[in-house]
Amino acid sequence: MSGLQPQTRSRDFPGTVAAASDAEAWLVKESRALGLAADAEFAINLCLEEVFLNAVQHGRANRASVSIRTERDVVRVEFVDDGVPYDPTVAPVCRIEGPTLDFQNGGYGAGLLKQFSRRMSYRRDDGHNRLVLEFDANVGR
């Protein structure tokens, strides 16, 4: 693949669990329109679901926006919310130790983000969390 053309798509969402599903559906549609590989689309959507639900359920976000930008070999997804400050780039990574029948639910999101993205950056700006996740646009090609 010679690389993707630079394009940006953005959309605002209310801070609700239902809107997380809307954001996923929107991102699937945009990922396909941008020509992303299926593996990249999967990783991006899995991470978006984690980030969005955490912002709403734990961060008490009322609004969120999602932007996806393609460049030659990278896809950047920016998630902005107005919830309480939370920096997943420094959050501890929990691992499942032992049988999965008795592991604690929760605390695995930061590890998921770190595993599926190739780079992650965070900043708190004007009362908003701004998380940028970078993904390899050529995954699965």
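The values are calculated or read from the model by the stated rules, or taken from the named source; none is laboratory data. Worth saying up front: this structure is predicted, and the values here are computed from it rather than measured. All Cβ positions, glycine included, derive from the backbone under ideal geometry; neighbour counts span all protein chains shown.
For A64, the conditions (1) buried (at least 19 other Cβ atoms within 10 Å of the Cβ); (2) within 19 Å of Q115 (Cα to Cα); (3) in contact with a Gly (Cβ under 9 Å, 6 or more places away or on another chain); (4) of a type in the set (A, V, I, L, M, F, W, C) all hold with the exception of (2). So which of V28, V17, V77 is surrounded by 20 or more Cβ atoms within 10 Å (Cβ to Cβ) and either aliphatic (A, V, I, L, M) or touching a strand residue (DSSP E or B) at 6+ places or on another chain (Cβ under 9 Å) (or both)? Result: V77 is the single residue among V28, V17, V77 that is surrounded by 20 or more Cβ atoms within 10 Å (Cβ to Cβ) and either aliphatic (A, V, I, L, M) or touching a strand residue (DSSP E or B) at 6+ places or on another chain (Cβ under 9 Å) (or both). Listed by first and then second residue, the pairs with beta-carbon distance under 7 Å, at least 6 apart or on different chains, first residue in the stretch 121-134 and at negative phi, second outside any strand (DSSP E or B) and among the charged types (D, E, K, R), are Y122/D87; H128/D82; E134/R118. Restricting the stretch 55-114 to residues that are among the aromatic types (F, W, Y) and more than 25 Å from E30 (Cα to Cα), the residue that is modelled with the lowest pLDDT is F103. Has the stretch 34-54 got any residue that is touching a Leu at 6+ places or on another chain (Cβ under 7 Å) and of a type in the set (D, E)? Yes: the stretch 34-54 contains one or more residues that are touching a Leu at 6+ places or on another chain (Cβ under 7 Å) and of a type in the set (D, E).
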